[in-house]
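Reviewing the structure listed below.
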Amino acid sequence: MSTALDMNTGRDTSGELLFAADRSAKPQIIIPKDDGTTSRKGLAVGKVTIADGSPRSGLFSLDREGFSFLHSPSSVQNFEDDSEVEETYYKEIRKMVSDAIGAFEVEIFDHTIRVTDPETSYRRPASHAHNDYTEKSGPSRLRDMIGDVRADGWLQDRVVQINVWRPIAEPILQMPLALLDASSYDQSDLVTTEIINERQNGRVGQIYSVVNAPGQRWFYFNEMVKSDAILIKGYDSETDGRARFTPHSAFADPNTPENAPPRRSIEVRTFARVRR
């Protein structure tokens, strides 16, 4: 079957990402109590080719590659105004996710703005090839968010976690987002990684890191603008062969112009419920 991956793409590039060093041990990310530097164990830098998916952007599928690209203008005027985001953008996000996967219920649990400018208080893009949830932490995060009683009901249906990523300044030239085609990796390429948060009394969370392996296909979308959005599947309770986890990472594009403006983006995290 011909897919987006069989097509010629546009401005391919390369990038260095943090990968799991091997499959034999769990990497660890330790967030210190103070403002010190986050430490990372069991990770190693790897260089990969990253193909430009822009010329065939409409062919990517949440159930095959694990991500999809949408032209979806927003009515939000100021994405740095939390009130406007929560009152206006969240409604748009619920509809976007519902339309994408046929969900009858969508819950939003937060949003994050990331900026490359070190002079701001916003979080920086992360150059770590990772998936936000694991087989264990996906349902656990749902329970944390909506409570055990509601989660028990949700988990009788199909549950899908989706992040919606969008530029809030354009075009994106610095630290674009790379996505790993979920049909191109083996489950053994995903390595459970502990996040130890010393600011939260040593709370331990889980994500997947990725082992850099032959055959993996990475994509990005060149020079995204504010009317563009990417849906990224972080967890899917369905186990019928469709994409369930979609590793991703920011990366330093070697072709970035010296005077490129800082990257500014917003990501909204959702859980969606789909009837079986």
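The values are calculated or read from the model by the stated rules, or taken from the named source; none is laboratory data. Worth saying up front: this structure is predicted, and the values here are computed from it rather than measured. Here the Cβ positions follow ideal geometry from the backbone for every residue, glycine too, while neighbour counts run over all protein chains shown.
Quick notes on this structure:
- Residues located in segment 118-170, provided they are within 30 Å of residue 78 (Cβ to Cβ) and of a type in the set (Asp, Glu): 119, 132, 144, 170
- Residue that is assigned to a loop (DSSP other than H, G, I, E, B), modelled with pLDDT of 95 or more and either of a type in the set (S, T, N, Q) or within 18 Å of the chain's Cα centre (by Cα) (or both), where the choices are 70, 62: 62
- Residue match in segment 81-97 (condition: basic (Lys, Arg), touching an Asp or Glu at 6+ places or on another chain (Cβ under 8 Å) and either at negative phi or touching a residue at least 60 places away in the same chain (Cβ under 8 Å) (or both)): no
- When every residue of segment 39-49 is checked against the conditions, at least one turns out to be surrounded by fewer than 17 Cβ atoms within 10 Å (Cβ to Cβ), among the small types (Gly, Ala, Ser) and either out of contact with any Gly (no Cβ under 9 Å at 6 or more places or on another chain) or free of Cβ contacts under 8 Å to residues at least 40 places away in the same chain (or both).
- Hits in segment 226-260 - residues which are among the polar types (S, T, N, Q) and part of a loop (DSSP other than H, G, I, E, B): 227, 237, 239, 246, 255, 256, 259
- When each of 237, 265, 209, 249 is tested for being surrounded by fewer than 22 Cβ atoms within 10 Å (Cβ to Cβ) and of a type outside the set (Phe, Trp, Tyr), the lone residue that passes is 237.
- The single condition among (1) surrounded by fewer than 17 Cβ atoms within 10 Å (Cβ to Cβ); (2) over 24 Å from residue 127 (Cα atoms); (3) of a type in the set (Lys, Arg) that residue 56 does not satisfy is (1).
- Where residue 38 falls short, out of the listed (1) closer than 21 Å to residue 115 by Cβ; (2) at pLDDT below 95; (3) touching a Ser or Thr at 6+ places or on another chain (Cβ under 6 Å): (3)
- Where a residue in segment 261-276 is in a loop (DSSP other than H, G, I, E, B) and its partner, wherever it lies, is among the hydroxyl-bearing types (Ser, Thr, Tyr), with Cβ under 6 Å and at least six apart: 262/116; 263/116
- Residue within segment 176-192 that is modelled with pLDDT of 95 or more, on the phi > 0 side of the Ramachandran plot and among the aliphatic types (A, V, I, L, M) present: no
- The listed residue being surrounded by 21 or more Cβ atoms within 10 Å (Cβ to Cβ), touching a helix residue (DSSP H, G or I) at 6+ places or on another chain (Cβ under 9 Å) and among the β-branched types (Val, Ile, Thr), out of 193, 270: 270
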